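Peer 1: If you scroll down you'll find the structure; I have some questions about it.
The values are calculated or read from the model by the stated rules, or taken from the named source; none is laboratory data. The structure displayed is predicted, hence computed values, not measured ones. Here the Cβ is made from the backbone with ideal geometry for all residues, glycine too, and neighbour counts use every protein chain on show. Heavy atoms of the whole protein, side chains included, go into the accessibility calculation; ligands, DNA and RNA do not. Shrake-Rupley method; radii C 1.70, N 1.55, O 1.52, S 1.80 Å.
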Number of protein chains: 2
Amino acid sequence: MEKYKLRFVPLGGIVGVTKNMYVYELYENDKLKDILIVDCGIGFPQEKEFGVDFLIPDIAYLQDKKDKIRAILLTHGHEDHIGALPYLYDSLGRPPIIASKLTALFVENKFKDNNQRLSVARVDFEKIYNFGDFKATFVKMTHSIPDTTHIIINTPVGTIYHGPDFKLDLTPPYGSPPDFYKIVKAGHDGILCLLSDCLGSERPGLTLSESVVGQTFEDEMRKTKGKVIMTTFSSNISRIRQCVEAAIKFNRKIVFLGRSMKQNSKLAGEIGYLPIPESLMANEDDLVKLPPNKICLIAAGSQGQYGSALSKLADKQNPNVKIKPGDKIIFSSDPIPGNENEVYGLIEDLVSQGADVVYSDIADQLHSSGHGNQEDLKFLMRFTNPKYLIPIGGTVRHQKQYENLAQDLGYEKQKIFSLSEGETIWFTKGNQAHKGEPVDTKNIYVDAYGVGDVGNVVLRDRKTISSEGVVFAFLVVDNMGRLVTRPRLVSRGFVFEKEEGKLYQGALKIVENVLKPKSGKVLEMNIIKRGVINNLEEYFYKEKGRRPLIVVDAVQL
Amino acid sequence: MEKYKLRFVPLGGIVGVTKNMYVYELYENDKLKDILIVDCGIGFPQEKEFGVDFLIPDIAYLQDKKDKIRAILLTHGHEDHIGALPYLYDSLGRPPIIASKLTALFVENKFKDNNQRLSVARVDFEKIYNFGDFKATFVKMTHSIPDTTHIIINTPVGTIYHGPDFKLDLTPPYGSPPDFYKIVKAGHDGILCLLSDCLGSERPGLTLSESVVGQTFEDEMRKTKGKVIMTTFSSNISRIRQCVEAAIKFNRKIVFLGRSMKQNSKLAGEIGYLPIPESLMANEDDLVKLPPNKICLIAAGSQGQYGSALSKLADKQNPNVKIKPGDKIIFSSDPIPGNENEVYGLIEDLVSQGADVVYSDIADQLHSSGHGNQEDLKFLMRFTNPKYLIPIGGTVRHQKQYENLAQDLGYEKQKIFSLSEGETIWFTKGNQAHKGEPVDTKNIYVDAYGVGDVGNVVLRDRKTISSEGVVFAFLVVDNMGRLVTRPRLVSRGFVFEKEEGKLYQGALKIVENVLKPKSGKVLEMNIIKRGVINNLEEYFYKEKGRRPLIVVDAVQL
């Protein structure tokens, strides 16, 4: 028997791109000894059209193992890597969190928003951290947000290189280039398994440096007579910094629009990551007094989100800022797949108000992906020279392409594990790896009503409504369960017409029929409801061939 | 006073791209102690139209220092890095030569061709070599020829990373990828100066791997019904190997055409770098018996060189091979600047015979440069993290672009030394570097007649002839220097017409006039010649406004 075994359990981030949370379990003599968690992010569901805001990882499987969790390590400050912490931290037993400067600040701020106090330890890049029998060192890496890290996790079974979201940026606009020495040294000392970002695995070549975008900003500022409005992800501090630097060069006052943009720029400013001369800081109210060519707005809403700062501008809802001919709007981000309609709709609105809009379809070098292309990914493979590979942070398509790249480099297919969420890998001392039993995970949705309120049932309902509509039946009954007044029926997204209509009258009769007193027996409310639903479903299907969602509510007097 | 000083002396390769030869001199208490030489290649002159075959480095300055030369290290097997050895090795005092396998074999073969015996030591990549107070280690690197190396030269003054011709090829078709660990480790330990290839400094992105070309070869072999004829540099063993591998897949017999191609493929085969099954090896004579779709020819002459194997094919001079419709000719190399006319002329000839010719203007991925693009160059800067930088192996234009790249990475301009041939750099213990007195070098030309025969005078003559023409005057005189017969005049490239023409007759008279006996004095031959030349020059210029080269020869009876 092996004395030590290591199990890798991805609770998210594997095929959904987002909701990154990875669990490493170290077993000694088949007994769980230590757990190390990397990242704890929210997910962006495909079901967003049904009103779900986001997903969080399902940590049910960790519930009876909390006491083994030694730490949570965070790789960078993007929501899909840190956003779930406020929801899950208590349930994880509040272990220590270690993160680099900006990441830590974002997390602490998140908890402050929820009126919680939390102190995140700042990464010491020189330090070898001991978490039970795990040893971890952080590696300086580059991505679209400063202070991004990778993590080298040393275990008695072998060394794991945990390499999520990255690109090899040799000229990052802020901070250091990747710490090639630490990476290559780890590879030289021996890496058992590389977990690597794979989102860029379809794109040839090397990803552009973030720095190229700075030149574009300058060019646009130079040739624009009106306001310059730049939009990007509010977490993209590097990009925002470059826009700010260009604005400073052309003496434009800088105003941040949108809650997330204001908050993130403030936090980044506090730690010196976004220096702006006092004389160029301005508020929305100041804008009316300024000539357009002295204004640079940095606005949230690059994905066309409803209600975002940029949407409000396009909808003429911002009392302080109007879009005028001569203004330039720079989209320094690509639409996330699925958001194209919203983004292009927004661009249409802006263009129709006379603005000059530049976006990546019509201009190069407005945006550089934060995720490494094929060559970045291959470099990391060569640097770390691992025995096994696990692509993370991409879809099945990206995993497949990553496998191809690894095979180009000479890896055999069986050394590459493309996992689904919850699928586990066992590593054993003999440098062997194999798939283990999967861990059960389910989707946990968060929306305005709170965590987990929105289960699969609610989602199914929303799907039904979206295609079939909904009918509400409202009943007022006495304590015997008998109707006191005629039922009220209301529908939305269904073919119901006026009250005098045939379908409405028929439905009314059905409901009244169900509630007809049966020889003095008290009708139980649940039975009433189920009866109404079943009978109405049958009726509507017979009459109209549709199956709207039937909702019954009753007041018992 | 500094105890140790290091001087770097480029005897070539600095702005001429080719003719690479670099001298490192270590001084102890201002006394020259040890010399290390890296590479010793031929140059390709711009004056090639004047019949010069190539240039070799001018080592005059080393003549009184031979006894300090500890070794010659060779980085790879291209002519512009090894080709001058047969001409200079004796003059350098025959120091030990160290080179990797293929390079060593090429050099030994070169000497064998000249009937000399030489044994080149094979690189041991694990070894730290001691050459006086120099310590050198070789680094595995990638380029367009297998067994390419870089060299880390450790001196009492600091460490030099000598990084000529390279690209970072993560998937080389033969051999190992670059030894990132050794490079990055050296950078971590501290590099005083990086000498880097800069030829690709104008091209953005990362250079394509040699491997992409292999897929193209396969695709072309698959769809071609006729013969496949591939041409590239005969030293590009990796490329040749990929063509051979594709031919093997499609069961085409392989024939090498051209002396250099035959020789290099034979040498590479001897050390296992070019394995070809016995059943697929063929000779030119076998070709007539084979169906076209079972033939793959690999021909020298990709630069359109006159008399090369490919030119002979195009000129229907090869008795065994005829170009036919359906044949495919693959140019897997780009024209070297200056050779465009020859290459496109050759393509025309081939196309007009019905062949399908593919070359990089019309097809991607037929050729991948051996020299790193901007990103390759930046990676090497980041990896080695040097204090100073010296771009080598490019023109002034490339040096300038390399400076820009380094500045993008944060280097100050004064840390980058773009040198001319013979310009020297002094490195001192305080990690300082500054330009020193230049070393005098002159062009030494080699052509069919031998080394150095072709001096600047000859070249000037050739230039004159090419623009003005030449006139030969042939005299037969007696022992008194008197004409025995009428002089003979012959011209080429000049306006001379028939013998009865006015100009000819005039010139004849001029010559006869010079040789007219002056009161019995014996005419000295040199004086006769000078007189003829001066008088003819004057005459032709007066008559025609031209200054042809005048050549006078005489036979004294």
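Peer 1: Can you find, within the range A:208-236, the residue that is nearest to the chain's Cα centre (by Cα) among those that are within 23 Å of A:H162 (Cα to Cα) and open to solvent by less than 10 Å² (accessible area, probe 1.4 Å)?
Peer 2: Ranking the candidates gives A:N236 first.
Peer 1: Taking the range A:288-305, which residues are of a type in the set (A, V, I, L, M, F, W, C) and closer than 16 Å to A:N236 by Cα? Talk me through it step by step, then tell me what you get.
Peer 2: So the first thing to find is which residues in the range A:288-305 are of a type in the set (A, V, I, L, M, F, W, C), and the list is A:288, A:290, A:295-300.
Of everything in the range A:288-305, those that are of a type in the set (A, V, I, L, M, F, W, C) and closer than 16 Å to A:N236 by Cα turn out to be A:L297, A:I298, A:A299, A:A300.
Peer 1: Then there is this: Going through the range B:205-237 one residue at a time, which ones are away from chain A (no Cβ under 14 Å), at pLDDT 90 or above and not in a helix (DSSP H, G or I)?
Peer 2: The answer is B:T224, B:K225, B:G226, B:K227, B:V228, B:I229, B:M230, B:T231, B:T232.
Peer 1: Within the range A:66-86, take every residue that is part of a helix (DSSP H, G or I) and in contact with a Gly (Cβ under 9 Å, 6 or more places away or on another chain) and give me the one that is most open to solvent (accessible area, probe 1.4 Å). Working first, answer last.
Peer 2: Just the residues of the range A:66-86 that are part of a helix (DSSP H, G or I), to begin with: A:66-68, A:79-82, A:85-86.
Keeping just the survivors that are in contact with a Gly (Cβ under 9 Å, 6 or more places away or on another chain) gives A:66-68, A:79-82, A:85.
Numbers: A:K66: 73, A:D67: 101, A:K68: 48, A:E79: 74, A:D80: 21, A:H81: 0, A:I82: 0, A:L85: 1 Å².
It comes out as A:D67.
Peer 1: Pick out the one residue from A:N373, A:N404, A:N341 that is open to solvent by 10 Å² or more (accessible area, probe 1.4 Å), within 14 Å of another protein chain (Cβ to nearest Cβ) and farther than 26 Å from A:S238 by Cα.
Peer 2: Values: A:N373 fails: farther than 26 Å from A:S238 by Cα; A:N341 fails: within 14 Å of another protein chain (Cβ to nearest Cβ).
When all the criteria are applied, what remains is A:N404.
Peer 1: Another one. Filter the range B:132-174 down to the residues that are open to solvent by 20 Å² or more (accessible area, probe 1.4 Å) and touching a residue at least 60 places away in the same chain (Cβ under 8 Å) and list them by number.
Peer 2: Matches in the range B:132-174: B:G132, B:D133, B:D147, B:P156, B:P172, B:P173, B:Y174.
Peer 1: Could you run through the range A:90-119 and say how many residues are among the acidic types (D, E) and either loosely packed, with under 12 Cβ neighbours inside 10 Å or outside the structural domain of A:H78 (by TED's automatic domain parsing) (or both)?
Peer 2: The total comes to 2.
Peer 1: Among the residues of the range A:359-370 satisfying the criterion of being out of contact with any Leu (no Cβ under 6 Å at 6 or more places or on another chain) and surrounded by 20 or more Cβ atoms within 10 Å (Cβ to Cβ), which is farthest from A:V212 (Cα to Cα)?
Peer 2: Looking only at the range A:359-370, we keep the residues that are out of contact with any Leu (no Cβ under 6 Å at 6 or more places or on another chain), and these are A:359, A:361-367, A:369-370.
Restricting the remaining residues to those that are surrounded by 20 or more Cβ atoms within 10 Å (Cβ to Cβ) gives A:359, A:366-367, A:370.
On the way: A:Y359: 15, A:L366: 8, A:H367: 8, A:G370: 13 Å.
The selected residue is A:Y359.
Matching residues to (1) out of contact with any Lys or Arg (no Cβ under 8 Å at 6 or more places or on another chain); (2) over 17 Å from B:C296 (Cα atoms):
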residue: B:L310; (1), (2): yes, no
residue: B:I329; (1), (2): yes, no
residue: B:P335; (1), (2): yes, yes
residue: B:L350; (1), (2): yes, no
residue: B:Q353; (1), (2): no, yes
residue: B:G370; (1), (2): no, yes
residue: B:K378; (1), (2): yes, yes
residue: B:T384; (1), (2): yes, yes
residue: B:G393; (1), (2): yes, yes
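Peer 1: For B:G205, only one of the following conditions fails: (1) open to solvent by less than 20 Å² (accessible area, probe 1.4 Å); (2) within 25 Å of A:L405 (Cα to Cα); (3) within 30 Å of the chain's Cα centre (by Cα). What is its number?
Peer 2: So B:G205 meets the others, but not (1).
Peer 1: If you don't mind, another one. Looking at A:N513 and the list (1) exposed (fewer than 15 other Cβ atoms within 10 Å of the Cβ); (2) modelled with pLDDT of 80 or more; (3) within 46 Å of the chain's Cα centre (by Cα), which single condition is not satisfied?
Peer 2: It fails just one condition, (3).
Peer 1: Kindly provide the set of residues from the range A:305-324 that are open to solvent by 90 Å² or more (accessible area, probe 1.4 Å) and of a type outside the set (F, W, Y), ordered by number. Please lay out each step first, then the result.
Peer 2: The initial filter retains those residues of the range A:305-324 that are open to solvent by 90 Å² or more (accessible area, probe 1.4 Å), namely A:306, A:312, A:316-317, A:319, A:322, A:324.
Across the range A:305-324, the qualifying residues are A:K312, A:K316, A:Q317, A:P319, A:K322, A:K324.
Peer 1: Any residue at all in the range A:121-135 that is away from chain B (no Cβ under 14 Å), within 28 Å of A:A406 (Cβ to Cβ) and not in a loop (DSSP other than H, G, I, E, B)?
Peer 2: Checked against the condition, which is being away from chain B (no Cβ under 14 Å), within 28 Å of A:A406 (Cβ to Cβ) and not in a loop (DSSP other than H, G, I, E, B), the range A:121-135 yields at least one hit.
Peer 1: Quick one: count up the residues across the range B:290-322 that are in a loop (DSSP other than H, G, I, E, B) and under 25 Å from the mean Cα position of the chain (by Cα). Reasoning before the result, please.
Peer 2: Restricting attention to the range B:290-322, the residues satisfying the condition of being in a loop (DSSP other than H, G, I, E, B) are B:290-291, B:300-308, B:315-322.
Subsequent filtering for residues that are under 25 Å from the mean Cα position of the chain (by Cα) retains B:300-308.
Adding up the residues that qualify gives 9.
Peer 1: Moving on to the next point. Can you report the number of residues in the range B:161-203 which are among the charged types (D, E, K, R) and within 11 Å of chain A (Cβ to nearest Cβ)? Before you say what the answer is, go through the steps one by one.
Peer 2: Within the range B:161-203, the first condition is being among the charged types (D, E, K, R), and the residues that meet it are B:165, B:167, B:169, B:179, B:182, B:185, B:189, B:197, B:202-203.
Next cut, within 11 Å of chain A (Cβ to nearest Cβ) only: B:169, B:179, B:182, B:185, B:189.
Residues in the range B:161-203 being among the charged types (D, E, K, R) and within 11 Å of chain A (Cβ to nearest Cβ): 5 in total.
Peer 1: Out of everything in the range B:412-423 that is surrounded by fewer than 18 Cβ atoms within 10 Å (Cβ to Cβ) and in contact (Cβ under 8 Å) with a residue 12 or more places away in the chain, what residue ends up being farthest from B:I59 (Cα to Cα)? Show your work before the answer.
Peer 2: Taking the range B:412-423 and keeping what is surrounded by fewer than 18 Cβ atoms within 10 Å (Cβ to Cβ), we get B:412-415, B:420.
With in contact (Cβ under 8 Å) with a residue 12 or more places away in the chain added as a condition, the list becomes B:415, B:420.
Working: B:K415: 28, B:S420: 16 Å.
Top of the filtered list is B:K415.
Peer 1: Residues being more than 21 Å from B:G175 (Cα to Cα), in contact with a Leu (Cβ under 9 Å, 6 or more places away or on another chain) and open to solvent by 60 Å² or more (accessible area, probe 1.4 Å): count how many of those fall in the range A:382-401.
Peer 2: Selection size over the range A:382-401: 0.
Peer 1: If you go through the range A:265-289, how many residues are open to solvent by 20 Å² or more (accessible area, probe 1.4 Å), under 16 Å from A:L105 (Cβ atoms) and assigned to a helix (DSSP H, G or I)?
Peer 2: Residues flagged as open to solvent by 20 Å² or more (accessible area, probe 1.4 Å), under 16 Å from A:L105 (Cβ atoms) and assigned to a helix (DSSP H, G or I) within the range A:265-289 amount to 3.
Peer 1: How many residues does the range B:408-432 hold that are in contact with a Ser or Thr (Cβ under 9 Å, 6 or more places away or on another chain) and either away from every other protein chain (no Cβ under 14 Å) or not in a loop (DSSP other than H, G, I, E, B) (or both)? Spell out the reasoning first.
Peer 2: Taking the range B:408-432 and keeping what is in contact with a Ser or Thr (Cβ under 9 Å, 6 or more places away or on another chain), we get B:408-410, B:421-422, B:427.
Imposing the further condition that a residue be either away from every other protein chain (no Cβ under 14 Å) or not in a loop (DSSP other than H, G, I, E, B) (or both) reduces the set to B:408, B:421-422, B:427.
Total meeting the criteria: 4.
Peer 1: Only residues that are in a strand (DSSP E or B) and within 14 Å of chain B (Cβ to nearest Cβ): list them for the range A:141-160, please.
Peer 2: So the first thing to find is which residues in the range A:141-160 are in a strand (DSSP E or B), and the list is A:142, A:149-155, A:158-160.
Once the filter is applied, which keeps residues that are in a strand (DSSP E or B) and within 14 Å of chain B (Cβ to nearest Cβ), the range A:141-160 yields only A:T142.
Peer 1: Across the range A:172-197, what is the total count of residues that are modelled with pLDDT of 95 or more, closer than 27 Å to A:T18 by Cα, in a loop (DSSP other than H, G, I, E, B) and not charged (D, E, K, R)?
Peer 2: Counting residues in the range A:172-197 that are modelled with pLDDT of 95 or more, closer than 27 Å to A:T18 by Cα, in a loop (DSSP other than H, G, I, E, B) and not charged (D, E, K, R) gives 4.
Peer 1: Ok, one more. Taking the options A:S302, A:S260, name whichever one is surrounded by 21 or more Cβ atoms within 10 Å (Cβ to Cβ), modelled with pLDDT under 95 and in the same structural domain as A:T224 (by TED's automatic domain parsing).
Peer 2: A:S302
Peer 1: Here's another thing I want to ask about it. Can you tell me which residue is farthest from A:G372 (Cα to Cα) among those in the range A:159-171 that are more than 24 Å from the chain's Cα centre (by Cα) and either at pLDDT 95 or above or not assigned by TED's automatic domain parsing to the domain that holds A:I392 (or both)? Give the steps one after another, and end with the answer.
Peer 2: If we filter the range A:159-171 for residues that are more than 24 Å from the chain's Cα centre (by Cα), which is where we start, we get A:159-160, A:170-171.
Now drop any that are not either at pLDDT 95 or above or not assigned by TED's automatic domain parsing to the domain that holds A:I392 (or both), which leaves A:159-160, A:170.
Numbers: A:T159: 23, A:I160: 20, A:L170: 12 Å.
Only one residue tops the list, namely A:T159.
Peer 1: Within the group B:I254, B:I240, which residue is open to solvent by less than 30 Å² (accessible area, probe 1.4 Å), out of contact with any Lys or Arg (no Cβ under 7 Å at 6 or more places or on another chain) and outside any helix (DSSP H, G or I)?
Peer 2: On the way: B:I240 fails: outside any helix (DSSP H, G or I).
Going through B:I254, B:I240 in turn, just one is open to solvent by less than 30 Å² (accessible area, probe 1.4 Å), out of contact with any Lys or Arg (no Cβ under 7 Å at 6 or more places or on another chain) and outside any helix (DSSP H, G or I): B:I254.
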